[in-house]
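Heads up: the structure comes next, in structure tokens.
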Amino acid sequence: MADELRGKKVAILIAPKGTEQVEFERPREAVINAGGTVNVIGEKTGQVRAYNHDLEPGDTFTVDKSFDEVSADDYDAVIVPGGTVGADRLRGNDAAVRFVRSFFEQGKPVAAICHGPWVLVEAAVVEGRRLTSYPTLQTDIRNAGGIWLDQEVIVDNGLVTSRKPDDLDAFCAKLVEEFAEGIHEGQSQSVTAAR
């Protein structure tokens with residue numbers, strides 16, 4: 001359905017360097033094609049270059065708002081793309097981590113792919129949750145109390161995760177579905193120690 005997300009406003013994160021382009025572009029397009037509005041959120045407004053396969057420079061994208069200018073109150077859902085360097089930069093940014101954590105606190109849907117779940121680990125929101133990621137993150141996720149599974153897409157009470165770009169079709173379909181459903185009360189149950 002082309003209107004599943006009509007009236008929904010979604011945030012998608014981008015790092016100052018290293019966000020995997022296809023994991024940024026495809027979910028953004030999926031939300032737009034479903035009738036939703038997307039804002040690109042980053043460290044500061046302006047142009048940011050995405051990357052392909054972590055190392056090859058990709059296209060540039062406009063950051064609509066900085067983390068300091070936004071709140072989860074402004075959005076219905078958030079997408080955390082991967083890219084090894086990009087996800088590492090995002091998890092090292094306290095404002096980005098707080099922003100993502102607040103979606104869990106409010107029960108709002110969250111979608112993260114590939115290395116994106118690093119941000120969820122840093123936000124202390126994976127305890128007791130079923131999720132997947134790029135395989136090298138499985139120990140981090142398990143150490144944070146998450147239940148890591150090797151599947152193309154996992155949906156757990158408003159949390160949508162996938163492993164890699166090959167999973168994008170399933171990831172995008174499920175994130176649209178979960179975003180359309182709205183608030184998931186179970187999201188807040190995994191919020192652990194105060195940050």
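Annotation note: of Asp54, Asp73, the sole residue that is modelled with pLDDT of 95 or more and not β-branched (Val, Ile, Thr) is Asp73.
Conditions tested, residue by residue: (1) surrounded by 24 or more Cβ atoms within 10 Å (Cβ to Cβ); (2) part of a helix (DSSP H, G or I).
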residue: Ser102; (1), (2): no, yes
residue: Ala112; (1), (2): yes, no
residue: Val119; (1), (2): yes, yes
residue: Glu127; (1), (2): no, no
residue: Gln138; (1), (2): no, yes
residue: Val160; (1), (2): yes, no
residue: Phe171; (1), (2): yes, yes
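Among the residues of the range 9-23, those identified as crowded, with 17+ Cβ neighbours inside 10 Å and within 19 Å of Gly158 (Cβ to Cβ) are Val10, Ala11, Ile12, Leu13. Screening Val78, Val85 for residues that are surrounded by 20 or more Cβ atoms within 10 Å (Cβ to Cβ) and at pLDDT 95 or above leaves exactly one candidate, Val78. No other residue among Arg6, Arg26, Arg91, Arg49 is exposed (fewer than 15 other Cβ atoms within 10 Å of the Cβ) and at pLDDT 95 or above apart from Arg6.
The values are calculated or read from the model by the stated rules, or taken from the named source; none is laboratory data. Not measured: the values here are computed from a predicted model. Glycine gets a Cβ as well: all are built from the backbone with ideal geometry, and neighbour counts include every protein chain shown.
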